[in-house]
1. Using alpha carbons only, how many degrees (0 to 90, rounded to 10) separate the axis of helix 130-143 from the longest principal axis of the chain?
2. What percent do you get for the relative contact order of the chain when only Cα pairs under 8 Å and 6+ apart count?
3. For the chain, with every protein chain kept in place, what is the accessible area per residue (1.4 Å probe, Å²)?
4. Please report the antiparallel percentage of the DSSP beta bridges confined to the chain, to the nearest 5.
5. Can you work out the Karplus-derived ³J(HN,Hα) for every residue in the range 87-93? Use 6.51 cos²θ - 1.76 cosθ + 1.60 with θ = phi - 60°, whole Hz, and x for glycine or proline.
6. Given a 1.4 Å probe and every protein chain left where it sits, what share in percent of the accessible area of the chain is carbon and sulfur?
7. Determine the calculated [θ] at 222 nm for the chain from helices alone, applying -39500 (n - 2.57) to every DSSP H run no shorter than 4 residues and normalising by the residue count; nearest 500 deg cm²/dmol.
8. Consider all pairwise Cα distances in the chain and report the whole-number % of them above 31 Å.
Amino acid sequence: MAYFPLFIDLTGKTVLIAGGGPVAARKARVLLDCGPRVVVCAPQPTGELEALEQVELLRRPFSPELLEGVSLAVAATGDRAVNHQIAVLCRARAIPVDVADSAQESTFLFPALVRRGRLTVGISTGGASPTASAWARKAVEEALPPDLEPILDWLAEVRETVKGALPQPEHRAAFARLLSAALEAGRPLTPGELRAVLTDRSPCASPKDPL
């Protein structure tokens, strides 16, 4: 079955992770980068989890009341019966849940992630092969230019300027030219280079073209 890749805003939301092992720690680290309140329940958490200062660590087993107010859940306890219980409860409460030892019981899957500032690439094999996901993530990481993060920040900054300077039908082509020119230059464009690219409306305008 193919999964639909859906990006959601978790800023300020509560995420519950049940489990205290390496899998729980890895998923906690990924989630913390996305801005939610991360609560972990585990009677004996690993030192790796204890070192994550932003995590709210509850040294106790999972119990159903911990799902109150939760927007997303992860079942990674290492106990099949407990993980199954969490999956059932989350489905009944319409809480998206990732079950570490059962893709079939999960309502979403953690992708392998590649992050470059504003760019996020999610990779999943639908639970078929985590090894293949890791291979694809490495391939994507190697393919992305190292200077992409500041270029994306710059494109966000000039977005409204470009939209105000050109009629709507030309926006897509203009942003394509700007991205191509910035990648070729290996950096954000200067104001003069920006004007040059917008003035030359050919498909392959270069930032080095004169005004």
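The values are calculated or read from the model by the stated rules, or taken from the named source; none is laboratory data. Values in this document were obtained by computation on a predicted structure and should not be read as measured data. Glycine also receives a Cβ, built like all others from the backbone with ideal geometry; neighbour counts cover every protein chain displayed. Please note that ligands, DNA and RNA were not included when accessible areas were found on the heavy atoms of the full protein model with its side chains. Shrake-Rupley method; radii C 1.70, N 1.55, O 1.52, S 1.80 Å.
1. On a 0 to 90 degree scale, this one is about 20.
2. Details: 307 pairs, mean separation 25.7, N = 211.
Once normalised by length, the contact order is 12 percent.
3. 57 Å²
4. The antiparallel fraction comes to roughly 25 percent.
5. 4, 5, 5, 5, 4, 5, 9
6. Answer for the chain is 56 percent, counting heavy atoms of protein chains only.
7. -12500 deg cm²/dmol
8. Distances greater than 31 Å cover 38 percent of the Cα pairs.
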